[in-house]
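What follows is a set of notes on a single structure, which appears directly below.
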Amino acid sequence: MYDPASPNWIGLRTLYMREVLRFSKVYTQTILAPVITTLLFLVIFSLALGGTHRIVVGFPLTQFLAPGLIMMAITQNAFANTSSSIMVSKVQGNIVDILMPPLKAYELQLALVLGGASRGIVVGIAVGITISFFVDIGLYSIIFVIFHALMASILLSQLGLMAGIWAEKFDHMSAITNFMITPLAFLSGTFYSIQNLPELFQTMAQFNPFFYMIDGFRYGIIGHADGDTLVGCTTIIFINTFLWLVCGWMLRSGYKLKA
């Protein structure tokens, strides 16, 4: 018998598995495509900028690039999963299938966020394994790698959930992706060390949460960080906590979800 006071573990697991099956059934688009895109970035930088000979902060360019490219794939796909799940459900009119089951707001949130994070992690592993055949990426700290991969995928999954709830049409979603997510990812030190930037731009970069995700992840792989890793970890945890509260409010209040 269903007890409203106890967690609905069956419903939570079912919704989570639904999110996982959404991206696993079309793996050529959701997993294989990001791998190929990341390899194209690596090839372009290797051929155009002399990646095998050029040195960045003491590392070959391709070795420096690899962690940033992996993290970029993780974040983009974690965001895409939750945002598309909510957006498509709203447009098709079947969002009620998510809202009607006896699931509390935090259970809905947890299942959707974990689904997006799972896609980000799966893509990150696939990209990392593929890149390792071409670049000696190494492993400096497994704790930093796991922490930043998990925190980054959860952070972007929550941003995707917020964007999906807020957006009313696909144009709104495209605007968020093109004018917020992509610029923040590209201007976060993915392709360069911020140590090579003027002091003003170094300071500006440290207000970009993507910088801390990529910098900490890069530290875990090659042992180099442009910023303070403790500040980075604290910032990511704080942002994730804030986003969790905002997403929870949006789901509890039915913001743009209930008529």
Hey, with R₀ at 30 Å, roughly what FRET efficiency would residue 32 and residue 166 work out to, going by the Cβ-Cβ distance, to 0.05?
-> 0.50
Rg and Dmax of the stretch 103-187, Cα atoms only, in Å = 15.4, 46
Where the accessible area of the stretch 180-259 is counted over protein heavy atoms with a 1.4 Å probe, how much of it, in %, is carbon and sulfur?
-> 69 percent
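For the chain, what does the relative contact order come out to in percent, with C-alpha contacts under 8 Å and a separation of six or more? Kindly include the intermediate steps, with their values, before the conclusion.
On the way: 344 pairs, mean separation 66.2, N = 259.
The normalised contact order for the chain reaches 26 percent.
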Project the alpha carbons of the stretch 113-259 onto their principal axes and report the range along each, largest first, in whole Å.
-> 52, 36, 28
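Averaging sequence separations of C-alpha pairs under 8 Å and six or more residues apart, then dividing by the length of the stretch 31-132, give the relative contact order as a whole percent. Write down the numbers at each step before the final one.
On the way: 75 pairs, mean separation 39.6, N = 102.
Normalised by residue count, the contact order of the stretch 31-132 is 39 percent.
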Between beta-carbons, use under 13 Å as the cut-off and find the net charge around residue 251, counting Lys and Arg +1, Asp and Glu -1.
-> +3
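At a Förster distance of 22 Å, what's the computed FRET efficiency of residue 204 paired with residue 53, Cβ-Cβ distance as r, to 0.05? Each step should come with its number before you reach the end.
Numbers: r = 30 Å, r/R0 = 1.37.
Computed FRET efficiency for residue 204 and residue 53: 0.15.
Arranged from highest to lowest average of other beta-carbon atoms within 10 Å per residue, in what order do the peptides 70-77, 185-192 appear?
My ranking of the peptides, most packed first, is 70-77, 185-192.
Between residue 246 and residue 91, what length in nm is gained on full extension when 0.36 nm per residue of separation is reduced by their alpha carbon distance? Show your work: numbers first, answer last.
Details: separation 155, 0.36 × 155 = 55.80 nm, distance 2.26 nm.
The span from residue 246 to residue 91 would gain 53.5 nm if fully extended.
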Taking Rh as the Kirkwood radius computed over alpha-carbon pairs of the stretch 24-173 and applying Stokes-Einstein at 20 °C with viscosity 1.002 mPa s, one gets a diffusion coefficient in µm² s⁻¹ of 129 µm²/s
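When the dipole is taken about the Cα centre of the stretch 103-229, and only Lys, Arg (+1) and Asp, Glu (-1) are charged at their Cβ, what size is it in debye, to the nearest 20? Write out the running numbers ahead of the final one.
Numbers: 4 positive and 8 negative charges, 65 e Å.
Dipole magnitude for the stretch 103-229 comes out near 320 debye.
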Here the net charge surrounding residue 152, from other residues whose Cβ is less than 14 Å away from its Cβ (Lys, Arg +1; Asp, Glu -1), is +1
(i) 19.0, 69; (ii) 19.0, 66; (iii) 21.5, 82, with the label sought being that of the calculated Rg and Dmax of the Cα atoms in Å | (ii)
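Between residue 6 and residue 134, what length in nm is gained on full extension when 0.36 nm per residue of separation is reduced by their alpha carbon distance?
On the way: separation 128, 0.36 × 128 = 46.08 nm, distance 4.97 nm.
Between residue 6 and residue 134, full extension yields 41.1 nm more.
Using only the Cα atoms of the stretch 94-147, build the gyration tensor, take square roots of its eigenvalues as a ≥ b ≥ c, and label the shape rounded, prolate or oblate: rounded if a/c is under 1.5, else prolate if a/b is larger than b/c, else oblate. Working shown, then result.
Values: a/c = 8.06, a/b = 2.64, b/c = 3.06.
Judged from the Cα gyration tensor, the stretch 94-147 comes out oblate (a/c at least 1.5, b/c at or above a/b).
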Give the residues of the stretch 69-100 whose amide nitrogen is closer than 11 Å to a point set 7 Å from the Cα of residue 256 in the direction of its Cβ.
-> 87
Roughly how many debye, to the nearest 20, is the charge dipole of the chain about its Cα centre, given +1 on each Lys and Arg Cβ, -1 on each Asp and Glu Cβ, and no other charges?
-> 640 debye
For every other residue with a beta carbon closer than 12 angstrom to the beta carbon of residue 24, add +1 if it is Lys or Arg and -1 if Asp or Glu, then tell me the sum.
-> +3
Helix-derived [θ] at 222 nm for the chain: sum -39500 (n - 2.57) over DSSP H runs of at least 4, divide by residue count, nearest 500?
-> -23000 deg cm²/dmol
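In Å², what does the accessible area per residue of the stretch 12-65 work out to with a 1.4 Å probe?
On the way: 3190 Å² over 54 residues.
Heavy-atom accessible area per residue stands at 59 Å².
The values are calculated or read from the model by the stated rules, or taken from the named source; none is laboratory data. Model, not experiment: these values are computed from the prediction. Heads up, the Cβs are rebuilt from the backbone with ideal geometry, glycines too, and the neighbour counts pull from every protein chain shown. The protein model used for the area step is the full one, side chains on, heavy atoms only, and it has no ligands, DNA or RNA in it. Shrake-Rupley method; radii C 1.70, N 1.55, O 1.52, S 1.80 Å.
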